[in-house]
Each structure stands twice: as C-alpha cells, then as structure tokens.
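Have a look at the structure below before the remarks.
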Amino acid sequence: MTNGPGGDPPGRRAWPAPVLLVLIWLAGAVVATGVGVLAVRLVATQVGDPAVAPLSAGEAEAAQSTVPPSSVPGPSPGVASTAAPGASPAAGTTGPPPSSPAAAANVRAFPSAGGTVGMSCSGQVARLLYATPADGYTLDEQSATGDAVEVRFESDSSRVRLELTCRNGAPALLGERTDPARGGSGHGEDG
C-alpha cells in the first residue's frame with residue numbers, strides 16, 4: 001500500500017485538530033469525574049458508621065411502638081428547649097430510635113436553642129448519633145472522645161455549646177453555654 005500525500009493510507013482522513021482536542025478533553029473530564037466520585041465514596045465510608053444501617057419506614061414505626069412514652073427521657077433541668085410544651089424532646093430530629101426500653105435509657109436527645117444533639121452511651125463510652133442545627137444555625141464543631149461529646153452550633157448572632165457525658169451508663173448534660181457569635185469565618189480559637 002502506498003501512503004497518500006499527508007502520510008495517511010489512501011481512503012483515510014486524519015481527524016481535525018479541534019475534534020481531537022475535544023475528545024481528549026472529554027476523556028480527561030470522564031476520568032477526573034470518576035476519580036472524584038471514588039474519592040467521595042471512600043471518605044463517606046470512613047466517616048459514616050457502617051454498623052448503623054438506616055431503618056425503613058416500617059422498621060422505624062415498629063421500633064417506636066416498642067418504646068413506652070415513660071421510658072423516653074426528657075431534657076435535663078436548665079436545658080433550653082425549642083420544642084413546644086408537651087412535645088417529645090426528639091421532635092423534628094433524625095436518627096435511629098431505640099429498639100427496646102432498655103436501649104431507650106442509653107439514647108437521648110438534647111434540644112437547645114442552637115439545635116438538637118442525639119447521643120448514646122455504652123457503659124461509659126459516649127457516641128454522638130446526630131447533631132441537627134435549628135433554623136438559622138449551622139453545625140460549627142463536633143467531637144466525641146471516650147465518655148464526652150461536645151457540639152457547637154453557630155448563627156449570625158449567637159453560638160451554643162453543649163457538653164455531654166455518660167453518667168452511670170446514661171447520656172447526661174454537663175453544660176450548655178450560649179455566647180455572642182464569633183466574627184469571621186467561624187474558625188479560630190476555642191471559646
């Protein structure tokens with residue numbers, strides 16, 4: 001076979017340069033997107049708790065029906081609640097309900113002006129289940145180490161800090177503090 005004038009075999013034409021550039025760009029975009037998706041999945045599996053599976057609507061209803069109202073603990077004295085009088089302390093929050101009355105004593109919601117924190121205790125080991133900011137607030141910081149949980153919610157005008165612990169195997173409020181909001185980006189020194 002003899003090659004044509006541009007070195008290409010006869011009957012074949014070379015792709016125009018702009019088409020090649022677009023194809024190369026598209027291939028790069030597909031690879032970058034795939035790597036991004038894999039990275040997010042990897043981080044999500046490391047951050048999430050694989051031992052806790054979400055409940056279906058039927059499982060949630062069944063679990064809630066097994067907990068008598070008298071076994072669901074209310075807020076500690078002195079805790080500011082955003083819930084209406086007579087409402088459950090966990091109203092409007094998300095998180096798995098306890099599956100038995102015995103487990104209910106080890107799971108508790110702590111409502112505050114800044115949001116609601118759900119916590120469980122296994123002996124003296126505290127576990128943060130969720131931290132749901134109230135309207136106008138964002139979750140500023142959260143930590144759970146050993147027997148202590150600390151959560152901070154922040155709005156434009158105030159900052160609410162909840163300190164929780166396990167006392168006799170049950171979640172308990174150590175303290176709640178409301179201060180004026182910090183200026184800037186919401187990151188900086190402890191208060």
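Taking amide hydrogens as placed 1.01 Å from N in the peptide plane, the amide H of ARG159 sits under 5 Å from those of ASP179, ALA181, each at least 5 positions away in sequence or on another chain.
Full extension of the segment from ASP156 to THR138, taken as 0.36 nm per residue of separation minus the current Cα-Cα distance, would add 5.5 nm.
Only the coordinates and a few stated rules stand behind these numbers; no lab work does. As the structure is a prediction and not an experimental result, all values here were calculated from the model.
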